[in-house]
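The values are calculated or read from the model by the stated rules, or taken from the named source; none is laboratory data. Note that the structure is a prediction, hence the values are computed from the model and not measured. In this analysis, Cβ positions are derived from the backbone assuming ideal geometry, glycine residues included, and neighbour counts consider all displayed protein chains.
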Amino acid sequence: MDLEKKIRKMGFSGSTYLEVIAILYRGTEIVNIVPLGFILKKGKLVARIFRGSRTYKLITEGNTDRGRICIAKDATLFYLAIFKKEEALKTFNKLCTAYIDFNIVKVELRRNYANVYGEPVGVKIVDIVPKGFTRASAAVVEALVWLSKIPYVDKRRKAIYENYVKMCVEVIRRSSRSRRYRAIAQDIVKYLQNSTSYLS
């Protein structure tokens, strides 16, 4: 099976962003770990990176040339990749069911973001044990996606996005008694007060 077919079987498509964790490298040095959404476009994995973020600066200034995508089996890794990056790097291998290595081959600059094209060069499946879907894990990821957008929008949109985050937090609290998920929810609410703390 060729790389693109394997990647499609993992859930990537041209119509829907698949949320993953990415490690970015400069040579052999890790320069960032960050949650990103990718679509598949003509065999390339494409992510939209917003202006103002650390990731945007790294990519547009040529300080990263390749990366590794993790298909995470636990929403905790999304949280760690924003708030506790060192811990995320330590648990990266434990919480991934599959990896995709890619080279950055193209960067398209837009007004407020950049489209980054990654050419897949390798795929590794490490865990084929099925896992059920939970509302809590989905709500964690959704809350973090909205949270990461807040620093880049005006006051009106910020208020709207904050409400989305609060709704997700409520879902987490209602659908799970997990101490880990509830601690994540508590941290998300805390960080709503300081949008500059979680630039990715």
(message) crowded, with 17+ Cβ neighbours inside 10 Å and over 23 Å from residue 149 (Cα atoms): which single residue out of 44, 94, 90 fits that description?
(response) 44
(request) Answer yes or no: is there a residue in the range 113-136 that is under 17 Å from residue 37 (Cβ atoms) and free of Cβ contacts under 8 Å to residues at least 60 places away in the same chain. (result) no
(request) Could you list all residues from the range 18-34 that are crowded, with 23+ Cβ neighbours inside 10 Å and either at pLDDT below 95 or of a type in the set (Val, Ile, Thr) (or both)? (result) 20, 33, 34
(request) Could you pull out the residue among 50, 78 that is within 15 Å of the chain's Cα centre (by Cα), more than 17 Å from residue 118 (Cα to Cα) and of a type in the set (Phe, Trp, Tyr)? (result) 78
(request) Answer yes or no: is there a residue in the range 79-87 that is of a type in the set (Phe, Trp, Tyr) and either surrounded by fewer than 17 Cβ atoms within 10 Å (Cβ to Cβ) or more than 24 Å from residue 147 (Cα to Cα) (or both). (result) no
(message) Take the residues in the range 52-70 that are in contact (Cβ under 8 Å) with a residue 60 or more places away in the chain and touching a helix residue (DSSP H, G or I) at 6+ places or on another chain (Cβ under 9 Å); name whichever of them is surrounded by the most Cβ atoms within 10 Å (Cβ to Cβ).
(response) 53
(request) Pick out the one residue from 132, 122 that is at pLDDT 95 or above and either buried (at least 17 other Cβ atoms within 10 Å of the Cβ) or under 28 Å from residue 3 (Cα atoms) (or both). (result) 122
(request) Hey, could you check the range 58-83 for residues that are modelled with pLDDT of 95 or more and of a type in the set (Lys, Arg) and say which is farthest from residue 186 (Cα to Cα)? (result) 66
(message) When you check residue 74 against the structure, is it charged (D, E, K, R), without any contact (Cβ under 8 Å) to a residue 60 or more places away in the chain and surrounded by 16 or more Cβ atoms within 10 Å (Cβ to Cβ), yes or no?
(response) no
(request) Quick one: count up the residues across the range 175-184 that are outside any loop (DSSP other than H, G, I, E, B) and touching a residue at least 24 places away in the same chain (Cβ under 8 Å). (result) 4
